[in-house]
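Here the structure is laid out as structure tokens; the discussion comes afterwards.
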Amino acid sequence: MTEIPDLDPYVERWNRRHLLDLERLSEDELVTLLDVAQILKDATEGCRRKVPLLSGRTCANLFFENSTRTRNSFSLAAKRLGADTVEFGSSGSSIAKGETFTDTAKTIEAMGVDWVVTRHQTPGTPHLLSRELDCCVLNAGDGPHEHPTQGLLDLLTIRQHRGSFAGLTVALVGDIAHSRTARSNIWGLKKLGAHVIICGPPTLVSQRWQEIGFEVAHRLDEILPRCDVLNLLRIQFERQNARPFPSVREYAALYAMNASRMKRAKDDILIMAPGPINRGVEITPEVADGPHSVILEQVTNGIAVRMAALYLLAAADEKRAHTGLEYQSVV
Amino acid sequence: MNRPLLIENGTLVDPSQNLNRVGRLLIQQGMFAALDPSDDDLPEQCQRLDATGCLVTPGLVDLGVELREPGYEEDETIHTCSHAALAGGFTTILATASTDPVIDSHGAVEFVRQKATTARGARVHVLGCLSKGRDGEQMAELGLLAEAGAVGFSDAPRAVPNDALLKRTLEYCRMLDRPIFDRPEVPELATGGVMHEGQVSLVLGLKGLPTEAEDLAVARDVRLAEATDGRLHVGPVSTMGAVDMLRRVKDRGIPVTASCCPHNLLLSDAVMRTYESRFKVHPPLRSPRHVETLRQAVRDTTIDAIQSGHMPRSREKMMNDLDQAPFGISALETALAASVTALLQTGIVDWPTLINRMATRPAQIAGLEAGTLQVGRPADAIVIDPRESWTVDPNAFRSNCNSTPFERMELMSRVSHALVSGEIRFARDEVIAAAK
């Protein structure tokens, strides 16, 4: 068993009960999350050992959409902290029998869980749950809206390699329209001081992003030489009603990160992808497995940021129970 | 028959007679009998209603309410709907055919009329289906529906995507002298949308309903009305593009009419950030630029009428995520106050103009003898306390549906009495004075 780190100074700075999105987090809150994630990653020897900070508590995974990595990552994070986990899925559960998601969530809460980690195909469902339930709610992806822990793990990975975000240019490339990873990354990156470029075909990258304050680009080759980090987002065929581009071949020709594009990139460029990756669509195998790729580090960091989120939310909950402090409002 | 009734001390606001002054109004045998009668002219046993500080106006007329009965009684019944209407000041509502079975036959029209008579709430007029089975393909039996009492035709809240059908119907209806009501939307551009497509939907990751879905449909509608010389009403509309199009064809003298909803005049898409289904309305709450344009369009008569947009849906249907929850809103009981808050509190229109848009003009569009206080007309009137500020509590609604975007909002002005055919069918407090 490893030594238990002192996280009290961080808990002092944290006042949220739920982690619903990154858009509403302050720079200070983001830094706190990343700091705690780094401490916990180190304390668990790279997320491999246990630190029983939260033993006796229970984390419910309530997933209305398929997921392997996020779900397992949350489970591992909870277990590394000594908590128990319980799994709910939409198929085979009462959701399939016509129960509404709030009723399902309330049932699970009544079983005495401390956190509900939820994924749903519709934006805003974690926000609705957070108003219905008397426990911590963590958003593990709400449709194309946000995936805050994915955003955090991307931020942590960049910070581990570059130390800070000031002066960095980060491009999110691909299916922005349907990407919750993009919608979490943009706010986190912006608040921490990076320059964000959103890149993809106009059918997947709305011009309105520019009105909101982000650089929009449609040609990867034009922005590539300026980029310090590329985050390559998967084309989410399952969320598209009509194809937003003529063919996968054409998309790959314009946007896939391949060996020849790598030659035109900065020497120290970081290649990231939230996974699952479509080899040959947004990234070729030699790049995915090459020296600039940090895709597998992202996976490990996922456990670290989820430990941090679970820990801070639970600690804030306990702090409130002792002091009667009010939480920051959800909306 | 009811006793004669004198409404006194209130400000009579009737745009149909350019009336906007304190006066008294005598009602006898279900009709407006005299304006400013002297005490000597009052009949025996005359009831008095003291409207001091209040407005006395024609009962409001709603151009499109979803009744939901028969078939969806969990959402609303003819009884609950017609009483919700009265509480909101609507003494006449036009019922759209979003029922099961749909209102595409003589018997179906008769069913609604019978039920409405028994309910003794607001007057309920039927909009017959425009297409048989409301399938958007074949013309319904419009002539027979008109004979049965349908005052107009519509597939609302569904759009009529078939251009040829709409054109034929507009032509055919000229001989029936009944208007066609179209809810303008190109369905292919709106598939899966839950809110206004714009910056807010982009950030929230919610599927948008683009303005062009409405703009294109309005463009088609007005062009077909022009080509056929048919009577067409489009609405509710919600976009700058729709307003622009309507303004241009109206300038050319084409007699198309249009309406919009109070919530589109008061709220913008920013409220969707709470992800609550009570904001899921159709047409959607648009960005502030559209809201401002709509307000001006109501002022300058580009938009003729305000309709409540009442689309009741049961609580269990609304207790869902934004994709699963239907478009739904209980609007009859808040429509007037929301319109006052949006248009009067902001100084955009005055009371006579607002009553014109909510009573006189919609009655004309539907070809009804309502929307006026004229002597000799059926005594459908309301009393409004213009200074009452109230907090919307959906649990106090008479409607079955308690989903409202105005929940807990403070709105201005409230209906205290509603009369249909001279009978006080709604009184917020019983304050009717003793007989003479």
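The values are calculated or read from the model by the stated rules, or taken from the named source; none is laboratory data. As the structure is a prediction and not an experimental result, all values here were calculated from the model. Note that we place each Cβ from the backbone using ideal geometry, even for glycine, and neighbour counts take in every protein chain shown.
Residue count for region B:51-83, restricted to those that are of a type in the set (D, E, K, R), assigned to a strand (DSSP E or B) and farther than 29 Å from B:L5 by Cβ: 1. Pairing residues of region B:290-314 that are in the same structural domain as B:P362 (by TED's automatic domain parsing) and modelled with pLDDT under 95 with residues that are among the hydrophobic types (A, V, I, L, M, F, W, C) and not in a loop (DSSP other than H, G, I, E, B), at Cβ distances under 8 Å and at least 6 apart in sequence or on separate chains, gives no pairs at all.
Please go through region A:168-192 and give me each residue that is part of a loop (DSSP other than H, G, I, E, B) and more than 19 Å from A:E238 (Cβ to Cβ), ordered by number. Hit for region A:168-192 is A:L168, nothing else.
To keep it simple, each residue is scored yes or no on (1) on the phi > 0 side of the Ramachandran plot; (2) surrounded by fewer than 22 Cβ atoms within 10 Å (Cβ to Cβ); (3) acidic (D, E); (4) in contact with a helix residue (DSSP H, G or I) (Cβ under 6 Å, 6 or more places away or on another chain).
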site: B:E141; (1), (2), (3), (4): no, yes, yes, no
site: B:A146; (1), (2), (3), (4): no, yes, no, no
site: B:A150; (1), (2), (3), (4): no, no, no, yes
site: B:F181; (1), (2), (3), (4): no, no, no, no
site: B:G193; (1), (2), (3), (4): no, yes, no, no
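Every listed requirement among (1) under 30 Å from A:A273 (Cα atoms); (2) surrounded by 14 or more Cβ atoms within 10 Å (Cβ to Cβ); (3) at pLDDT 85 or above is met by A:T58 save one, (1). Does A:L20 satisfy the criteria of being in contact (Cβ under 8 Å) with a residue 40 or more places away in the chain and within 13 Å of A:V305 (Cβ to Cβ)? So A:L20 does not fit the description; no.
When the residues of region A:77-120 are filtered to those that are on the phi > 0 side of the Ramachandran plot and away from chain B (no Cβ under 14 Å), which remaining residue is modelled with the highest pLDDT? The selected residue is A:G82.
For the residues B:F153, B:F111, the requirement of being assigned by TED's automatic domain parsing to the domain that holds B:L63, farther than 24 Å from B:T211 by Cα, at pLDDT 95 or above and among the aromatic types (F, W, Y) singles out B:F153. When only residues in region B:182-197 that are among the acidic types (D, E) and within 23 Å of B:G128 (Cβ to Cβ) count, which is nearest to the other protein chains (Cβ to nearest Cβ)? Here the residue is B:E185.
Being crowded, with 23+ Cβ neighbours inside 10 Å, polar (S, T, N, Q) and in the same structural domain as B:P284 (by TED's automatic domain parsing) narrows it down to one residue among B:T372, B:T334; which is it? Within the list B:T372, B:T334, the selection yields B:T334.
Of all residues in region A:313-330, one or more are without any contact (Cβ under 8 Å) to a residue 12 or more places away in the chain, among the β-branched types (V, I, T) and surrounded by fewer than 17 Cβ atoms within 10 Å (Cβ to Cβ). Region B:181-265 holds helices (runs of 4 or more DSSP H) entirely within its bounds, and those carrying 2 or more residues that are touching a strand residue (DSSP E or B) at 6+ places or on another chain (Cβ under 6 Å) map to B:211-228. All of A:I223, A:I235, A:I186 fail the test of being touching a strand residue (DSSP E or B) at 6+ places or on another chain (Cβ under 7 Å) and more than 14 Å from chain B (Cβ to nearest Cβ), apart from A:I223. Those residues that are out of contact with any Pro (no Cβ under 8 Å at 6 or more places or on another chain) and assigned to a helix (DSSP H, G or I), I need them from region A:225-243; list them, please. Matches in region A:225-243: A:P225, A:R226, A:F237, A:E238. Summed over region A:121-167, residues that are within 14 Å of chain B (Cβ to nearest Cβ) and part of a strand (DSSP E or B) total 4. The set of residues from region B:85-114 being part of a helix (DSSP H, G or I), more than 13 Å from the chain's Cα centre (by Cα) and under 25 Å from B:L336 (Cβ atoms) comprises B:A87, B:V112. When you check A:E215 against the structure, is it within 24 Å of A:S164 (Cβ to Cβ), surrounded by fewer than 17 Cβ atoms within 10 Å (Cβ to Cβ) and modelled with pLDDT of 95 or more, yes or no? Considered against the rule, which asks whether it is within 24 Å of A:S164 (Cβ to Cβ), surrounded by fewer than 17 Cβ atoms within 10 Å (Cβ to Cβ) and modelled with pLDDT of 95 or more, A:E215 comes out as yes. When the residues of region A:201-212 are filtered to those that are out of contact with any strand residue (DSSP E or B) (no Cβ under 6 Å at 6 or more places or on another chain), buried (at least 19 other Cβ atoms within 10 Å of the Cβ) and not polar (S, T, N, Q), the one that is nearest to A:A242 (Cα to Cα) is A:L204. Among residues of region B:198-224 that are within 11 Å of chain A (Cβ to nearest Cβ), those with a beta-carbon under 8 Å from a residue that is part of a helix (DSSP H, G or I) and β-branched (V, I, T) at least six positions away or on a different chain give the pairs B:Q199/A:I212; B:L202/A:I212; B:V203/A:I212. Anything in region A:193-220 that is within 14 Å of another protein chain (Cβ to nearest Cβ), outside any loop (DSSP other than H, G, I, E, B) and touching a residue at least 24 places away in the same chain (Cβ under 8 Å)? List them, or say none. Of everything in region A:193-220, those that are within 14 Å of another protein chain (Cβ to nearest Cβ), outside any loop (DSSP other than H, G, I, E, B) and touching a residue at least 24 places away in the same chain (Cβ under 8 Å) turn out to be A:V196, A:I198, A:W209.
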